[in-house]
Every structure is written in structure tokens, then in C-alpha cells.
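**Q** My questions will all concern the structure given below.
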Amino acid sequence: MLRNLIYTIACLLVCIINTQAQITWRVTVNTSQLNTTQVTEKSIFNNLKADINTFLNGQQWSEDEFEEAEKIECDVRINITNMLSQNNFQATAQLRAVRPVFKTDYESVLINYVDRNFQFTYTQAQPLLYNDNAYNNNLTSILAFYAYTVLAMDYFSFKKNGGKLYAERALQVVNNAQAASEPGWRPNQDRRNRYWLSENLMSQQMLGFLEGIYIYHRQGLDRFLFTPDKSREKIFKVLKTMEQINTLKPSAILMRSFMDAKSDELINIFIRSPKEQRQQVYRILVKIDPSKTQRYAKLIE
């Protein structure tokens, strides 16, 4: 009892101290796929959610200070699919982050990534520990990887090559976890896992994509309210660059994540464009993201 009280107080102190956290995290833990026996002890899942929320919101992931309006809004939705043992869980997770668009109340989705290798051990009343220089456990390593990936994408969207520092930190998390028994960290396991997401953020072949993230957001979306035609042209050039990159690296998970985040937004951006441009955009989007062909058909109807 005393141990639990001390841990609770420590978590509260972390939250108070880190009032300048750069990311506002919202955590969801879903257990609907578990059977009745597995969810009998619901407190463990409530505590898991609370502890993850405290861990993510209580860390200072960057040395920079953000104004309240500048904070990144981020959702982590964890879907528990199996209890392997009392403290060992299999799950999937969705990471979704948004950034504000200048002089509007619109928020643009930066990343929409589904992690199908979210396996972890969790013991109630034990603090979630993380060290940038070492692998402590899979849960906090995954969460730290998410934080640095989100920061990398956000910084890339505001400054050319601005997210490199956080991409390097995400890579360090991956490198530290290479000996982990849980899946998701190694190149031979899954072409859409955390290893490949990190690889894409550091790959020379993806430099045009990462520069495109800056042009898309700063020269496109952030100016769209004032110069919509010019902004569309900037975003159109980004799509043409991404078409070329997709030819070189067709299985890039970062490209897939981008299209999952931006498909509806791109339709809304170009739906009022001249017919010729809409046709060109449609051709590029269908080539890059064929699974959403029916959705993109709105551009040519």
C-alpha cells in the first residue's frame, strides 16, 4: 500500500515538474477483443492506461519549449488482442498526431501509423522506466520511439531538415532494442514495423520526401488561406516528387503513413482545382496509393 502511494505521488510530481511538455498525449486502451475471463481484472488495464498517460505526458522529450498553442496533439490507441500471461500482452497500436495550420483552427494530420507489433510486459505499481542510452523494457522503448518519431515529423514540417535530431533519437531507440525478444525492431520481421519507419526517416532515398513535408506544410497549408492557388501548386510539386520516390522505394512505410494521414486532405485541397490539374493529381495519388482509388475518384467526377 505504501509502495503504491509513493509511486502515485512520484507520478504526480513528474507531471507538475514537466509543465512545458511539447506533446499533449491522449491514451486509449481497448480490451474488446479479449474474452470475459481475460478482462475480469479490469483494474490492470485502467492502471496501464494511467501509467502510459503519465509516462508520455510527464517526459521532457525535447529541450525546446512550446507555447500552449504550439503543442502537438497526439493520440495513442492501444488495442489489446491477447493476454499471453498475467503480465504479458499482445496488442496493436495506432499513432496519430496533428499540427495546427497557421491562422486557422484547422489541424492537419502529420502521421497515422499502425503498429502491429505492440507486445509488452506490464506490472502494476512498478514505475515505467526509460533511458535514452539503454534498453529497459519494450513498453517504454515503444513509447519513446513514438515520441521521437512524432517530434521528427513535426520539426520536418516547420523547417527544412528540421527533424533530423529526433529522427536520430528514434533510430537510437531502435538500435538499443535490437536484442529485444519482442517483435517490431528488426528489418527481417515486417516491412512496416518500427525499424523500417526509422529507416525511412534516415534514408538518403527519402530526403526528397522529408523536404516535401516542409514544403507541403509551411509553403502549402500554412499559406493556403492567403494564396490558395500558389499553395496548391507547391503541394502539387510535392506530389510529383513523391511519385518519383515511390518508384525508387515502393514499400516505404513512411509514404504509406503519409497517404493514410493525408488522403482526405488532398482531395479537399484539389477538389476546386482546374480539371487538368485534378486529373494529374488523381493519376499520381492512384499510383502512390492504389488502395484508395475509389476515394480519389471524387477528383475526376
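Values in this text are rule-based calculations from the coordinates and carry no lab data. As the structure is a prediction and not an experimental result, all values here were calculated from the model. Reconstructed Cβ throughout: ideal geometry from the backbone, glycine too, with neighbour counts over all protein chains shown.
**Q** When only C-alpha pairs under 8 Å and at least 6 residues apart count, what is the relative contact order of the chain, in percent?
**A** With pairs under 8 Å counted, the relative contact order is 12 percent.
**Q** Going highest first, how would you order 205-211, 84-90 by mean Cβ packing within 10 Å?
**A** 205-211, 84-90
**Q** Oh, and also: Using the scaling law 2.2 N^0.38 Å as the reference, what is the normalised Cα Rg of the range 27-99?
**A** 1.33
**Q** Further question on the same structure: Which order do peptides 188-201, 103-116, 140-153, 265-278 fall in by mean Cβ count within 10 Å, highest first?
**A** Highest to lowest by the protection proxy: 140-153, 188-201, 103-116, 265-278.
**Q** Between the range 205-220 and the range 108-149, what is the separation of their alpha carbon centroids in Å?
**A** 27 Å
**Q** Using θ = phi - 60° and the Karplus curve 6.51 cos²θ - 1.76 cosθ + 1.60, what whole-Hz ³J(HN,Hα) does each residue of the range 85-99 get, with Gly and Pro shown as x?
**A** Rounded to whole hertz, the list is 7, 4, 10, 10, 10, 10, 7, 10, 9, 10, 9, 9, 10, 10, 10.
**Q** Determine the alpha carbon to alpha carbon distance for each of Lys103/Lys298; Lys42/Lys71; Lys159/Lys240; Lys160/Lys275; Lys71/Lys292; Lys49/Lys159 and list only those over 23 Å.
**A** Beyond 23 Å: Lys103/Lys298; Lys42/Lys71; Lys160/Lys275; Lys71/Lys292; Lys49/Lys159.
**Q** Take the alpha carbon gyration tensor of the range 86-232, find the square roots of its eigenvalues, order them as a ≥ b ≥ c, and report rounded if a/c is under 1.5; if not, report prolate when a/b exceeds b/c, else oblate.
**A** Prolate.
**Q** Another one. Please compute the net charge surrounding Tyr146, taking Lys and Arg as +1 and Asp and Glu as -1 over other residues with Cβ under 13 Å from its Cβ.
**A** Around Tyr146, the surrounding residues sum to +2.
**Q** Here's something else I'd like to know. Tell me, rounded to the nearest percent, the portion of alpha carbon pairs in the chain spaced more than 27 Å apart.
**A** I get 45 percent for the Cα pairs in the chain exceeding 27 Å.
**Q** Enter the Cα centre distance for the pair the range 233-301 and the range 162-204, rounded to the nearest angstrom.
**A** Each part reduced to its Cα centre gives a spacing of 26 Å.
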